[in-house]
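The values are calculated or read from the model by the stated rules, or taken from the named source; none is laboratory data. Computed from a predicted model, the values in this text were never measured in an experiment. Note that each Cβ is placed from the backbone with ideal geometry, even for glycine, and that neighbours are counted across all protein chains shown. When the accessible area is computed, the model is the full protein with side chains, heavy atoms only, and any ligands, DNA or RNA have been set aside. Shrake-Rupley method; radii C 1.70, N 1.55, O 1.52, S 1.80 Å.
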Amino acid sequence: MNRRNILHAFGGAGTGLLAAQGPLAQAQETARRGLPPVKITDIKTILTQPGGDHLVIVKVLTSEPGLYGIGCATHRERPLAVASYVDNYLKPFLIGRNCDEIEDIWQSTYVQSYFRSGVTGNNALSGVDGALWDILGKRCGVPVYKLFGGKVRAAVPL
């Protein structure tokens, strides 16, 4: 038996496995609602320094007017290196991709460089990833933590 025949072997149970999707897949279906996919049209880096801390913010703009996501790509020691990585490597690679393909974007971006990105690349990828989750949360009308399964406790003992 090969991989292609596994679902056929399970019959109706195979479709049940596909229907029991995780929170990401459910959120993606909710966000789409039969609409065409939202594409990444631009990625901007915002360098700021509140209170002496160098911060790198990534803003992912989409084909849907007014919809954008914000993510943090801060590397306190090398903020310009992260901004350059986003502008010169990630931006050309990601423009035109679907915003809903968060896991595929993460995997393909992570393996695009020979040495698997390192600290600078991982910070840049973190900013883009956070912005894509922000976009998905906005499209679904829920906070991002709900996409990850919601609250786990009502309060934290202090």
Residue check, Arg76 in contact with a strand residue (DSSP E or B) (Cβ under 9 Å, 6 or more places away or on another chain), free of Cβ contacts under 8 Å to residues at least 40 places away in the same chain, in a loop (DSSP other than H, G, I, E, B) and open to solvent by 60 Å² or more (accessible area, probe 1.4 Å): yes
Any hit, region 37-49, residues being within 28 Å of Ala27 (Cα to Cα), of a type in the set (A, V, I, L, M, F, W, C), under 14 Å from the mean Cα position of the chain (by Cα) and modelled with pLDDT under 95: yes
Residue selected from region 1-30 under the condition at pLDDT 70 or above and small (Gly, Ala, Ser), by the criterion farthest from the chain's Cα centre (by Cα): Gly22
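Can you tell me how many residues in region 23-74 are of a type in the set (D, E, K, R) and within 17 Å of Leu147 (Cα to Cα)? Give the steps one after another, and end with the answer.
So the first thing to find is which residues in region 23-74 are of a type in the set (D, E, K, R), and the list is 29, 32-33, 39, 42, 44, 53, 59, 64.
Checking the rest, the ones that are also within 17 Å of Leu147 (Cα to Cα) come to 29, 32-33.
Qualifying residue count for the region: 3.
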Matching residues in region 97-119 - criterion: being open to solvent by 40 Å² or more (accessible area, probe 1.4 Å) and modelled with pLDDT of 90 or more: Arg97, Glu101, Glu103, Asp104, Trp106, Gln107
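For the structure I just gave you, tell me whether Tyr68 is in contact with a Gly (Cβ under 9 Å, 6 or more places away or on another chain), within 18 Å of Thr41 (Cα to Cα) and either touching a residue at least 24 places away in the same chain (Cβ under 8 Å) or open to solvent by less than 20 Å² (accessible area, probe 1.4 Å) (or both). Steps first, answer last, please.
Details: in contact with a Gly (Cβ under 9 Å, 6 or more places away or on another chain): no; within 18 Å of Thr41 (Cα to Cα): yes; either touching a residue at least 24 places away in the same chain (Cβ under 8 Å) or open to solvent by less than 20 Å² (accessible area, probe 1.4 Å) (or both): yes.
Spelling it out, it is not the case that Tyr68 is in contact with a Gly (Cβ under 9 Å, 6 or more places away or on another chain), within 18 Å of Thr41 (Cα to Cα) and either touching a residue at least 24 places away in the same chain (Cβ under 8 Å) or open to solvent by less than 20 Å² (accessible area, probe 1.4 Å) (or both).
If you scan region 85-113, which residues turn out to be part of a loop (DSSP other than H, G, I, E, B) and farther than 24 Å from Lys138 by Cβ?
Val111, Gln112, Ser113
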Criterion (open to solvent by less than 60 Å² (accessible area, probe 1.4 Å) and either in contact with a Pro (Cβ under 9 Å, 6 or more places away or on another chain) or aromatic (Phe, Trp, Tyr) (or both)) met by exactly one of Tyr85, Tyr89: Tyr85
Residue pairs meeting the criteria (Cβ under 9 Å; at least 6 apart or on separate chains; first open to solvent by less than 60 Å² (accessible area, probe 1.4 Å) and assigned to a loop (DSSP other than H, G, I, E, B), in region 133-151; second of a type in the set (Ser, Thr, Tyr) and at pLDDT below 90): Val142/Thr30
